[in-house]
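All remarks here apply to the structure that follows.
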Amino acid sequence: MRSDAAAGEEKVAPPFRLAEVGLRLCVVPLAVASLWEMATNKQVDETYGEVSFSSLSGFRYLVCINAITAAYSVGSVLMSSFKCMARFDWLIFLLDQATAYLLLTSASAAAEVLYLARKGDRRVSWAEVCSYFGGFCGRATLSAALHAAALLCFMALSLISAFRAFSKFDPPPPSSENPKQMAMAEQQGKQ
């Protein structure tokens, strides 16, 4: 570990710190809005019946992941306000990665359901339903778009938390197999 890690972190951290807190704060309303839009999404048609998010497992998964994401984002903003949390950079990194992957899987599940609702699948005799339930499909699309925005925020957060976790370590030494690299490393060490 570098001995100057704390000093270097103070020089580098402020722009990333502001971006990190800003992204975490942006995720909360995006995830809550996506959750709300999908959880209240319901439409009744006299001919074809009723459709709601709870009828489709991909949409139920999206709602659950949005709730988890919003809760984690609020918790991570609160935790990041304490200076003693700097020693938990690895935990934040792992949780950011896990949340980003959960957002990705739920976005793909919702996108699949939306695609089938809009296009159908003739090979298995599934008709498209958005012509009958246009309001439902519109709100589901909005929810998926908000969810995708939260995913983009968490992709950026994953990069920032990875930088913060890994920047505390020195780079690996150059390979001893390449004499040019060894000479360059020695020259840089003397400067």
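Quick rundown of the values:
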| item | result |
| --- | --- |
| Cβ-Cβ under 7 Å pairs, at least 6 apart or on other chains, segment 112-132 side within 19 Å of Ser52 (Cβ to Cβ), far side among the acidic types (Asp, Glu) and outside any helix (DSSP H, G or I) | Ala117/Glu128; Arg118/Glu128; Tyr132/Asp45 |
| Selection status of Ser80, within 17 Å of Ile160 (Cα to Cα), touching a helix residue (DSSP H, G or I) at 6+ places or on another chain (Cβ under 9 Å) and among the small types (Gly, Ala, Ser) | yes |
| Residues being in a helix (DSSP H, G or I) and touching a helix residue (DSSP H, G or I) at 6+ places or on another chain (Cβ under 7 Å) - total across segment 43-67 | 11 |
| Of the criteria (1) modelled with pLDDT under 95; (2) under 18 Å from the mean Cα position of the chain (by Cα); (3) surrounded by fewer than 18 Cβ atoms within 10 Å (Cβ to Cβ), which one Ile68 fails | (1) |
| Those residues of segment 85-110 which are within 12 Å of the chain's Cα centre (by Cα), surrounded by fewer than 19 Cβ atoms within 10 Å (Cβ to Cβ) and touching a residue at least 60 places away in the same chain (Cβ under 8 Å), in sequence order | Gln97 |
| Qualifying residue in segment 48-63 (condition: loosely packed, with under 15 Cβ neighbours inside 10 Å, at pLDDT below 90 and in contact with a strand residue (DSSP E or B) (Cβ under 7 Å, 6 or more places away or on another chain)) | yes |
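The values are calculated or read from the model by the stated rules, or taken from the named source; none is laboratory data. Predicted model, so just to flag it, every value in this text is computed and none were measured. With ideal geometry, Cβ positions are generated from the backbone for all residues, glycine too; neighbour counts draw on all protein chains shown.
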